[in-house]
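*Asks:* Questions regarding the structure given below will be posed in turn.
Quick note: the coordinates plus some simple rules give every number you see, no bench work behind them. Since the structure is predicted, the reported quantities are computational estimates derived from the model, not experimental observations. Cβ coordinates were reconstructed from backbone atoms using ideal geometry, including for glycine residues, and neighbour counts include every protein chain displayed.
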Amino acid sequence: MNTPELLPNQPHDHEGPVFREPWEAQAFAMAVSLHAKGVFTWTEWTETIGALIAADNEPDETGERYYGYWLAALEQLVAANTPISRELLSDRKNAWDKAARATPHGEAIILGRNKV
Amino acid sequence: MAHHHHDEGSALEENPLRVKALESLLVEKGYVDPAALDQLIDIYENKVGPRNGAAVVARAWVDPQFKAKLLSDATNAIKEFGFEGRQGEHMEVKENTPGIHNMVVCTLCSCYPWPVLGLPPVWYKAAPYRSRAVSEPRAVLAEFGVTLSDDTEVRVWDSTAELRYLILPMRPENTDHLSEEELALLVTRDSMIGTGIALEEEPK
């Protein structure tokens, strides 16, 4: 194992958190929020993310892919426990992708935006 | 380095797109409130962190009654500071002594005592730590700069969704003159995970 200091891209704040990119923080907050709403129990949560981590044939050597598992667990539990299906998620993702590509740099990305 | 054609506009990567899809649908269906998400992020980025745990440890070093309560009923002892878990988890505190060194891992995922330590460091979430903390804890400790004498027993505690551990590190020697607040500055995050020991003097 590398010593912690040698891990690439480890956040450099003194000893605090630990979101490398904004989407990680958003995914984190959504899971905490949905748990508080009763959409899933925390035991369900840890079992789901634990199973995803265990099923990965390439172990996460650095911990940097942790929020990737987190996001996948979130999608799985949302699809299982709310009316938001995988299909709905996928359609919405494509809509955001289209809107983002149609948005000039520096402007807010608005859903439904198309190329002019 | 990828070159984006100017036609790509503000194209987002895969994970941010998936997060935007989830968030916009969850907001529309009334499952999450965007302001509440921002507030949660702010709490965990700026307000909850290892300083919480350090305050608990320093209190235990100066107040034997509090320490006894902390070791027997950590959940409620920690609640006195206003630090409380959102997942309804129980807290247990394990005391390091000259004969026993405790350390914490989550072999399944990354269960961690958020209310007292904030969010886990990246290495805590990595596969090597999750497996080697159990299979060869002394080697892992050595990599963190902690060398123990051969007659010190190492105990490794595996966190779960319901049970989170905090390590009570040994109070450094020659600190009788320090106040509780000054002592808290000697308590590092790693010393409360058990992958470090408390500092002997204040960080410069």
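*Asks:* Quick check: the angle from helix B:14-28's long axis to the longest principal axis of chain B, C-alpha only, nearest 10 degrees?
*Replies:* In chain B, helix B:14-28 runs at an angle near 80 degrees to the longest axis.
*Asks:* Please give the residues of the range A:42-60, grouped as numeric ranges, whose backbone N is less than 15 Å from a label point set 7 Å along the Cα-to-Cβ vector of B:Arg132.
*Replies:* The answer is A:59-60, whose backbone nitrogens lie closer than 15 Å to the label point.
*Asks:* Right, another one. Under 10 Å, Cα contacts only: if you run a Gaussian network model on chain B, which one of B:Leu185, B:Leu119, B:Leu17 comes out with the highest mean-square fluctuation?
*Replies:* B:Leu17
*Asks:* Taking N as the number of residues in the protein assembly as shown, what value does Rg over Cα atoms divided by 2.2 N^0.38 Å take? Let's see the in-between values first.
*Replies:* On the way: Rg = 21.6 Å, N = 320, 2.2 N^0.38 = 19.7 Å.
The value comes to 1.10.
*Asks:* Taking a quarter of the surface of the Cα convex hull of chain B, what do you get in nm²? Before the final figure, lay out each step's value.
*Replies:* Details: hull surface 63.6 nm².
So the mean shadow area of the Cα hull is 15.9 nm².
*Asks:* Using Cα centres only, tell me the gap between the range B:129-156 and the range B:19-62 in whole Å.
*Replies:* 31
*Asks:* Spin-label point model (7 Å from Cα, Cβ direction): what's the B:Glu181 to B:Asp158 distance in nm?
*Replies:* 4.3
*Asks:* Right, something else. Only loop residues by DSSP count here, and only those with at most 16 other Cβ atoms within 10 Å; note down the trypsin sites (Lys or Arg not before Pro) in the range B:62-93 that meet that. It would help to have the intermediate numbers written out before the result.
*Replies:* Numbers: sites: B:Lys67, B:Lys69, B:Lys79, B:Arg86; in loops: B:Arg86.
Counting only loop positions with at most 16 other Cβ atoms within 10 Å, the trypsin sites (Lys or Arg not before Pro) in the range B:62-93 are B:Arg86.
*Asks:* Please give the Cα centre distance for the range A:21-57 versus the range B:63-124, rounded to the nearest Å.
*Replies:* Here the two parts' Cα centres lie 21 Å apart.
*Asks:* Modelled label-to-label distance, B:Glu84 and A:Glu87, 7 Å Cα→beta-carbon offset: nm?
*Replies:* A separation of 4.3 nm, rounded to one decimal place.
*Asks:* Moving to a separate point now. At most 16 other Cβ atoms within 10 Å plus a DSSP loop assignment makes a site exposed; report the longest stretch of chain B without any exposed GluC sites (Glu not before Pro). Intermediate results must be reported in sequence, preceding the final value.
*Replies:* Values: sites that count: B:Glu13, B:Glu80, B:Glu84, B:Glu162, B:Glu173, B:Glu200, B:Glu201.
The longest such stretch corresponds to B:85-161.
*Asks:* Modelling each spin label as a point 7 Å along the Cα-to-Cβ direction, I'd like the B:Lys47/B:Ser24 distance in nm, to one decimal.
*Replies:* 3.0
*Asks:* Let me spell out the model: positive unit charges on the Cβ of Lys and Arg, negative unit charges on the Cβ of Asp and Glu, origin at the Cα centre of chain B. What dipole size does that give, in debye rounded to 20? Could the numbers behind the result be given before it?
*Replies:* Working: 20 positive and 33 negative charges, 81 e Å.
Dipole magnitude for chain B comes out near 380 debye.
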